[in-house]
Amino acid sequence: MRVYAEKTYDDMSKRAASVIAAQVVNKPDCVLGLATGSSPVGTYKKLVEWYNAGDIDFSQVKSVNLDEYVGLDGSNDQSYRYFMDTNFFNHVNIDKNNTYVPQGTELDEAKACGNHEAIIKKLGGVDLQLLGIGRNGHIGFNEPDDHFTKDTHRVDLTPSTIEANARFFANEDEVPKQAYSMGIRTILSAKKILIVASGEDKAEAIAKSFFGPITPEVPGSVLQLHPDVTLVADAAALSKVKDIADFKNV
Ligand code: F6R
């Protein structure tokens, strides 16, 4: 796998944006798998900057998101649809009809999840999947468990994730307790994966994901099975990795 060890969050964001830009330049009608959360905010910002400078064109790009809270409508400012619109889609020339986020308002689990998988299939699969990682090693909302879930599914969020997300809500009680998330097979089906990580509180998840056993207890560890992973991380997120050179053997 490839690792870019960057100094700061800004450096990380610029590097991650350049990997995405390269994908879009190489295949203008590519399918991007996208993530929300604080880790990729800077990456989206950079892409918007380069779009405004005339350096990148999203007109033919399609996108599909990893996850969405169950029950939240796209106009709810805590929904992941809202996040994508305000952080990225509203500021570039992507056709919003070509952007897909799991439908939080569809309460029928089979329908919501089946639709998301069908969309990915119809688009021909994801070319580049952007991921963040949770402090507990979750990817998408695949939380630590005793098994892997393959396809898009409904998840009960763990107390640690609810607590981590509470910073975006007035209080912890308002944080949705369930989400729809791509499954592990959905994520691993992407042709390329780009994972961004920043900060000390991600250091353990990064070390365990890439140098620990492949286990559903650390969902990010499945990335060791993917043939084309790029990790872009800042120094703090890499602080529990003994030697950056070891990534060559992952
Ligand atoms: C978001 C997602 C989550 C986040 C993870 C890290 O779409 O799927 O797995 O990537 O919770 O979140 P941040 O970046 O806020 O630390």
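Every number in this text was worked out from the coordinates using simple rules, so none of it is lab data. Bear in mind that the values here come from a model prediction, so they are computed numbers and not experimental data. Counting neighbours? That spans all protein chains shown, and the Cβs are built from the backbone with ideal geometry, glycine included.
Between amide H atoms placed 1.01 Å from N, distances below 5 Å from Leu194 occur with Gln129, Leu130, Leu131, Thr230, all of them 5 or more places distant or on a separate chain. When the C-alpha to C-alpha distance is required to be over 29 Å, the pairs from Lys122/Lys240; Lys121/Lys202; Lys122/Lys192; Lys121/Lys248 that qualify are Lys122/Lys240; Lys121/Lys202; Lys121/Lys248.
Couplings 3J(HN,Hα) for the range 66-77, derived from phi with the Karplus relation 6.51 cos²θ - 1.76 cosθ + 1.60 (θ = phi - 60°), are 5, 7, 7, 5, 6, x, 8, 7, x, 8, 6, 5 Hz, where x marks Gly and Pro. Where both residues lie in the chain, what percent of DSSP beta bridges are antiparallel, nearest 5? Of all bridge pairs located within the chain, approximately 30 percent are antiparallel.
Can you tell me the order of 120-127, 164-171 when each peptide is scored by its average per-residue count of other Cβ atoms within 10 angstrom, highest first?
Sorting 120-127, 164-171 by mean packing, highest first, produces 120-127, 164-171.
Here Lys45 is the anchor, and the lysines within straight C-alpha reach of less than 20 Å, apart from those fewer than 8 places off in the same chain, are Lys7, Lys14, Lys62, Lys96.
The residues packed around Lys242, meaning those with a beta-carbon under 15 Å from its beta-carbon, carry a net charge of 0 if Lys and Arg are +1 and Asp and Glu are -1. Working note: Cα atoms of the chain, range along each principal axis, descending, whole Å: 45, 44, 35. In this rough spin-label picture, where each label sits 7 Å from Cα along the Cβ direction, the Lys27-Asp57 distance is 1.9 nm. Amide H contacts under 5 Å for Tyr4: Leu231, Val232, Ala233, restricted to partners 5 or more places along the chain or on a different chain, H placed in the peptide plane at 1.01 Å from N. FRET efficiency for the pair Ile214 and Asp10, taken as 1/(1 + (r/R0)^6) with r the Cβ-Cβ distance and R0 = 30 Å, rounds to 0.40.
Between Gln224 and Glu163, 0.36 nm times their residue separation minus their Cα-Cα distance comes to what? Difference between extended and current length: 19.2 nm.
Less than 5 angstrom separates the built amide H of Tyr100 from those of Ser63, Val64, Asn65, all sequence-distant by 5 or more or on a different chain. Taking other residues whose beta carbon is less than 12 angstrom from the beta carbon of Val101, and scoring Lys, Arg as +1 and Asp, Glu as -1, yields -3.
Give me the extension gain from Glu172 to Val250: residue separation times 0.36 nm, minus the current Cα-Cα distance, reported in nm with one decimal.
Gain on extension, Glu172 to Val250, equals 24.3 nm.
FRET efficiency for the Lys122 to Thr86 pair, using the beta carbon distance and R₀ = 30 Å, is estimated at 0.70. Once the C-beta distance of Lys96 and Ser38 is scaled by a Förster radius of 22 Å, the resulting FRET efficiency is 0.40 to the nearest 0.05. Each residue of the range 189-205 is assigned a 3J(HN,Hα), and the resulting list reads 6, 4, 5, 9, 10, 10, 10, 10, 8, 9, x, 3, 6, 9, 4, 5, 4 Hz, derived from the Karplus form 6.51 cos²θ - 1.76 cosθ + 1.60 (θ = phi - 60°), x at Gly and Pro.
The phi torsions of the range 148-164, fed into the Karplus equation with coefficients 6.51, -1.76 and 1.60 and a -60° offset, translate into couplings of 8, 9, 6, 9, 4, 8, 9, 10, 8, 6, 6, x, 5, 6, 4, 5, 5 Hz, rounded to whole numbers, with Gly and Pro shown as x. With K and R counted +1 and D and E -1, the other residues having a Cβ less than 14 Å from that of Glu6 yield a net charge of +3.
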